[in-house]
Amino acid sequence: MIERIGVIGAGQMGNGIAHVSALAGHQVQLFDISQEQLDRALTTIAGNMDRQVKRESISAADRSAALDRIKASTEIGELGNSDLVIEAASEREAIKLSIYEKLCPGLQKNAIIATNTSSISITRLASGTDRPERFIGMHFMNPVPVMKLVELIRGLATDDQTFSAIEALSKKLGKTVAVSEDFPAFIVNRVLMPMLNEAVYSLYEGVGTVEAIDTAMRLGANHPMGPLELADFIGLDTCLAVMQVLHEGLADSKYRPCPLLVKYVEAGWLGRKAKRGFYDYRGEKPIPTR
């Protein structure tokens, strides 16, 4: 039975996973190498729960109890008594593998490890741990407290008990499960990221401006956000990383990352989190950068 959940990474995804896990009644240990990032995460979680109280989706007592369940630390050893550890680190395979190398020796024998990767092979990541049969992909959508979907992805070695436990947990967290095979980028990003990459190509080739492309897709396809605005929200570095996984994993030129996307990432213009991407967010209102 999963009672204690560890979360690795206190960024946008990690703090959202900690948020929903604590609200569902779990003890949560949030880990990050940066104390500053942990402090920001706890502030974000409290603020997001405040909004839920104002909308009357949770009570003030629910908020208080959930916040009391979340502990934060820069020591990875604090995750040792977790029943489940959900890794939500950067979308870089080498970083994830280095985390597992430090995590596994101190983790109790029967604990499950889940990765929130949005694109990387679960089988390959699992092989970098001491428990591939108790390793699974658990891909949450952003923002985690709002989005209802979790993609579950079994690696080659993932056993039935692990899958059943994570499926049950996902439902307890209020999520709907979509099961994906272990192919590059799974379901959501296999479909979504090439669309965003094509929007960047449309900008790169001069088919339309940032504003024209986003307006066209919002009003012409009834999308709640334009593709370039969405790319900024996700993070252009994440979009590029997923496209690289698709391109390398499927060896098809249709997944080649747009050179303009590469250029923006090289410039550090990563979207909302960097205050600049396809829009400039440094003023009162976002302004297109092209």
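Pairs of Lys residues in the chain are counted when their Cα atoms are under 12 angstrom apart and they lie 8 or more places apart or on different chains; the count is 4. Phi angles across the stretch 145-154 convert, under the Karplus curve 6.51 cos²θ - 1.76 cosθ + 1.60 with θ = phi - 60°, into 3J(HN,Hα) values of x, 9, 6, 8, 8, 10, 8, 10, 10, 7 Hz, Gly and Pro given as x. For the stretch 1-78 versus the stretch 230-290, the spacing of their alpha-carbon centroids is 28 Å. Annotation: amide H of Gly277 within the under-5 Å range of Gly271, sequence separation 5 or more or interchain, hydrogens built in the peptide plane. Across the options Val242, Tyr255, Gly226, the greatest Cα extent toward the positive end of the charge dipole of the stretch 190-280 (unit charges at beta carbon of Lys, Arg, Asp, Glu) belongs to Val242. Comparing the stretch 144-290 with the 2.2 N^0.38 Å rule of thumb, its C-alpha radius of gyration ratio is 1.18 (two decimals). Rounded to the nearest 20, the Cβ-based charge dipole of the chain about its Cα centre (Lys and Arg +1, Asp and Glu -1) stands at 500 debye. Mean projected area of the convex hull spanned by the Cα atoms of the chain, taken over all viewing directions: 15.1 nm². Taking each DSSP H run with n ≥ 4 as -39500 (n - 2.57) and averaging over every residue of the chain yields -13500 deg cm²/dmol at 222 nm. Peptides 47-59, 186-198, ordered by how many other C-beta atoms sit within 10 Å of their residues on average, highest first, read 186-198, 47-59.
Scanning residues 5 or more positions from Gln27 or on other chains, those with amide H under 5 Å from its amide H are Ile5, with H placed 1.01 Å from N in the peptide plane.
Every number in this text was worked out from the coordinates using simple rules, so none of it is lab data. What you see is a predicted model; the values in this text were computed from it and never measured. Note that we place each Cβ from the backbone using ideal geometry, even for glycine, and neighbour counts take in every protein chain shown.
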